[in-house]
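Chemist: Dropping a structure here in structure tokens format, bear with me for questions.
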Amino acid sequence: MQESSTQPAAIAAATVAPHAHFSWSKFWSQSRGLLLVTLISLAAALFFYSQWQSAQRQQLVLSAQLEQQKRLQQRELGRIGQRLGQLQAELAQVSQMGNRLVNDYDLVDELPVARVDNNLLQRPFNGFADLNQTLAQVMTQTQEYGITLVALESMLLNLHINEITQIQGHPVPGISQLSSGFGQRRDPFSGRARWHRGLDFRGKQGEPIAATAAGVVSLSEHHRDFGNMVEISHGQGWITRYAHLDTQLVEVGEHVEQGQLIARMGRTGRATGVHLHYEVLKGNKQLNPARFIPN
């Protein structure tokens, strides 16, 4: 009875023990494989995640660089726009000045100056640097051309002023008799030798007196010796003086043309008879007026 009860137990123990040992080994083997796969998957995930992060960072850096480049380009375009506006304004001024010289002085297209090369801005450009260099070249040419035109205009204007203000007229229009010349003479009041600084023209009371050149009236007053007198400034130190007048017909600051009636002949001041005393001065020095009166 005892043998029968212990034998099945032994058989059961012998059967269970080998079966339990086999299951743990297989489980561990499968777990290691699963763990290895998990570790490899995790490593791959970490690698791809790091690559993704690196790509994101590179994209952010590239976006920032593109944005900065875009801002720089916009700023550069703004500067170029300003330079183009300035260039356009300068070209307009130069063109206007050239047209004025052509019209005012009848130069047509014979201006002896180099013109701006308009083809410079009509070629392809290799970036902003090339465009800026070309703009600088055009602006330099424009400024040089403008300076040349200003100098030419100044020269022509001076020639024109010298032409219209040249003292060459007669102060007494029509027939007039010279009663006293320029230089040493006997003073009619004292009888002594005295230097006469102008020319005296005999005439009738109220006879018209004309400006001998264009200019501006610088004096119109009564003088103790010269009586009623008028002085006209012609620029560059040139002055003509008209004395012993009956009446003055112009006022200080008035612009007069050559041949314009400015006064009437009289005998005011220190005078022995009706006549005009006429002087030509250059820098306060009296010159012989006969040099400036046409024959």
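Chemist: Would you please give the FRET efficiency between Gln260 and Gln137, computed as 1/(1 + (r/R0)^6) with r the Cβ-Cβ distance and R0 = 51 Å, to the nearest 0.05?
Modeler: On the way: r = 52 Å, r/R0 = 1.01.
Calculated transfer efficiency: 0.50.
Chemist: Run the 1.4 Å probe and let me know the accessible area of Arg270, rounded to the nearest 10 Å².
Modeler: Rounded to the nearest 10, that gives 90 Å².
Chemist: Grab the Cα-Cα distance for Gln68 and Ala193, subtract it from 0.36 nm times how many residues apart they are, and report the gain in nm with one decimal.
Modeler: Working: separation 125, 0.36 × 125 = 45.00 nm, distance 9.31 nm.
Result for the pair: 35.7 nm of gain on full extension.
Chemist: Find the accessible area per residue for the stretch 186-295; the probe is 1.4 Å, ligands and nucleic acids are left out, and the unit is Å².
Modeler: Details: 5610 Å² over 110 residues.
That works out to 51 Å² per residue.
Chemist: Report the full-extension gain for the segment Ser179 to Ala92: residue separation times 0.36 nm, less the Cα-Cα distance, to one decimal in nm. Walk me through the intermediate numbers first.
Modeler: Values: separation 87, 0.36 × 87 = 31.32 nm, distance 5.90 nm.
Length gained between Ser179 and Ala92: 25.4 nm.
Chemist: Where does the stretch 161-233 land on Rg(C-alpha)/(2.2 N^0.38 Å)? Could the numbers behind the result be given before it?
Modeler: Working: Rg = 14.3 Å, N = 73, 2.2 N^0.38 = 11.2 Å.
This ratio for the stretch 161-233 stands at 1.27.
The values are calculated or read from the model by the stated rules, or taken from the named source; none is laboratory data. Note that the structure is predicted; figures quoted are calculated from it, not measured. Cβ atoms come from the backbone with ideal geometry, glycine included; neighbour counts cover every protein chain shown. Note: areas computed on protein heavy atoms with side chains; ligands, DNA, RNA excluded. Shrake-Rupley method; radii C 1.70, N 1.55, O 1.52, S 1.80 Å.
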